[in-house]
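Here is the structure we will look at, set down as structure tokens.
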Amino acid sequence: MDSNQEILLSRDTPAVRIPSGDKITLLEGSRVYITQSLGGTYTVASEQGLARIADIDADALGIDLAQKIATEEAPQYEGEVDTEKVWDQLKNVYDPEIPVNIVDLGLVYDCQILKTDEAKTKVEIKMTLTAPGCGMGPTIAEDARSRVVSVPGVDEAEVILVWDPPWNQHMISEVGKMKLGMI
């Protein structure tokens, strides 16, 4: 979909205002322009400013949901959780203002796969944000959590926002720096 193309929302659409993180509703017929479409979420410019629309509401943008994978109850999974698949899912989470995933931005500090007392598999992620006051923090953290629980064998996930060490641009991977034109 062309990001310069004007789109009229086909219905009232829940969104999250960027950068405050406030929940808003973009009204049916509102004009929006997609500025970023990464990781299944859509950053749009509207008369209300920038907002993030979740993938579940993509139909309001005219994006065909029939092409999305149907979400059915996951089959029982036996065996160890594939750590690489957990990291791959985290690479599908994006800051709505930056076209680089949270892993390549250097925001994920730690990812541990643990067994609970109930013999369930829990993934604990420690991550930070590019700025401590970022209102999108809870939204990004929830994106990370929901992506990780989609990995076969993961029963639950917890994302803990941490501020030590403080994030800086040196934490961005080479891939991220290339995408941002820093090298």
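The values are calculated or read from the model by the stated rules, or taken from the named source; none is laboratory data. Values in this document were obtained by computation on a predicted structure and should not be read as measured data. Cβ sites come from the backbone with ideal geometry, for glycine too, and all protein chains shown count toward neighbours. Calculation scope for accessible area: heavy atoms of the full protein, side chains included, ligands and nucleic acids excluded. Shrake-Rupley method; radii C 1.70, N 1.55, O 1.52, S 1.80 Å.
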Provide, for the chain, the number of lysine pairs with alpha carbons under 30 Å apart, each pair being eight or more places apart or on different chains.
26
Local charge sum around residue 25 (other residues, Cβ-Cβ under 14 Å, Lys/Arg +1, Asp/Glu -1)?
-1
DSSP beta bridge pairing in the chain, given as percent antiparallel to the nearest 5
80
Nearest-20 debye value, the chain charge dipole, Cβ charges on Lys, Arg, Asp, Glu
520
Add +1 for every Lys or Arg and -1 for every Asp or Glu among the other residues with Cβ under 12 Å from the Cβ of residue 115, and state the total.
-4
Just to confirm, what accessible area per residue do you get for the range 1-50 at 1.4 Å probe, in whole Å²?
56
What's the angle, to the nearest 10 degrees (0 to 90), between helix 137-148's Cα axis and the longest principal axis of the chain?
60
Kirkwood-based Rg over Rh for the range 41-183 (C-alpha set), two decimals?
0.99
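Go through 107-113, 97-103, 38-44 and give me the packing order, highest mean Cβ count within 10 Å leading.
Numbers: 107-113: 17.0, 97-103: 19.9, 38-44: 21.4.
Result, highest mean Cβ count within 10 Å first: 38-44, 97-103, 107-113.
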